[in-house]
Amino acid sequence: MSWLSSLFKRKKVNTEIQAFVKKAFGFSPSDTAIYEQALRHSSAATKIRPGLKNSNERLEFLGDAIIDSVVAHYLYTKYPMLPEGELTKMKSKVVRRENLNMIGYTLRIHELLHLNLGKQDMHDSIVGNAVEAIVGALYLDRGFNATRDIVLRLLKQHGLDTRVHDDVDYKSKLHEWCQKNKRTLQFKVIAHRNEGGASYYKIALLIDDQEYGVGDGGAKKSAEQKAAKKACEKIFDSK
């Protein structure tokens, strides 16, 4: 009887979610329920008991705090001479919503989200929120140290060490300069591959078909920004 009981209590594995976690993070979870919840928007949640929805909102709260903690510790350790105010500014550049949205799209989280919304209501922030929820799920499943390593890897692939220093939108600066001087600006992908479930881009910035800078990163936007920064240094002699 106990054998039959344990058989019926065996946890179900969602093979699609299992494959996603394996590709994105490098391991296969034995229980996918927590990741399914992380990918379930409140619009598609079902009530599991009065007053509590089985959505990703609580996991999002947890993941947000973990990401903040990981980035804060990383910056605190890497920049031991910087005051609190500067570290806070750096952290805000890394954990802002646009970066999390970008990571979500790179991981193709949007393709797995369980929603009950019209297309017009599907905002990028929903993808970024799901990234936070996934981090919360990773923490509950694998613990803090493993989650910290995954979060740092994802953030570094998306320009963690360059974003903390960026106060200038180099792409906008170059577009303005090219319009003023009647020059043509173009970004060209010269390399693209997938590594461990994440994308890698190498992009060249061309002005009048001449290469002015090359940048790389886990997303097109971050690679373009790096290339634009190098081009700005060449054109404006700035650092």
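None of the figures in this text is laboratory data; all of them are computed from the coordinates on show. Owing to the predicted nature of the structure, the values given are computational and were not obtained by experimental measurement. Here the Cβ is made from the backbone with ideal geometry for all residues, glycine too, and neighbour counts use every protein chain on show.
Whole-Hz Karplus values for the range 212-221 come out as 10, x, 10, x, 9, x, x, 9, 4, 4 Hz, taken residue by residue from phi with 6.51 cos²θ - 1.76 cosθ + 1.60 and θ = phi - 60°; glycine and proline positions read x.
Phi-derived couplings, Karplus 6.51 cos²θ - 1.76 cosθ + 1.60 at θ = phi - 60°, listed residue by residue for the range 87-94: 5, 5, 4, 4, 4, 5, 6, 8 Hz, with x used for Gly and Pro. For the range 63-134, which trypsin sites (Lys or Arg not before Pro) pass both filters: DSSP loop (anything but H, G, I, E, B) and at most 15 other C-beta atoms within 10 Å? Answer in residue order: Arg96, Arg108. Give the Debye-formula value of log10 I(q)/I(0) at each listed q (0.22 Å⁻¹), with one equal scatterer per alpha carbon of the range 170-236, two decimals each. Those come out to -0.81, one per q.
For the range 20-31, putting each phi into the Karplus relation 6.51 cos²θ - 1.76 cosθ + 1.60 with θ = phi - 60° gives couplings of 4, 5, 4, 5, 7, 10, x, 8, 10, x, 6, 10 Hz, in residue order, rounded to whole numbers and with x for Gly and Pro.
Normalising by residue count, the range 10-163 has a Cα convex hull of 123 Å³ per residue. With a threshold of 27 Å on the Cα-Cα distance, the over-threshold entries among Lys22/Lys202; Lys22/Lys89; Lys89/Lys171; Lys23/Lys234; Lys23/Lys156; Lys22/Lys226 are Lys22/Lys89; Lys23/Lys234; Lys22/Lys226. The range 123-138 and the range 67-111 have Cα centres separated by 14 Å.
Between the amide H of His114 and those of Arg40, His41, distances stay under 5 Å, these residues lying 5 or more places away or on another chain, with hydrogens modeled in the peptide plane. Near the amide H of Gly213, within less than 5 Å, lie the amide hydrogens of Leu205, all on another chain or at least 5 residues away, with H placed in the peptide plane.
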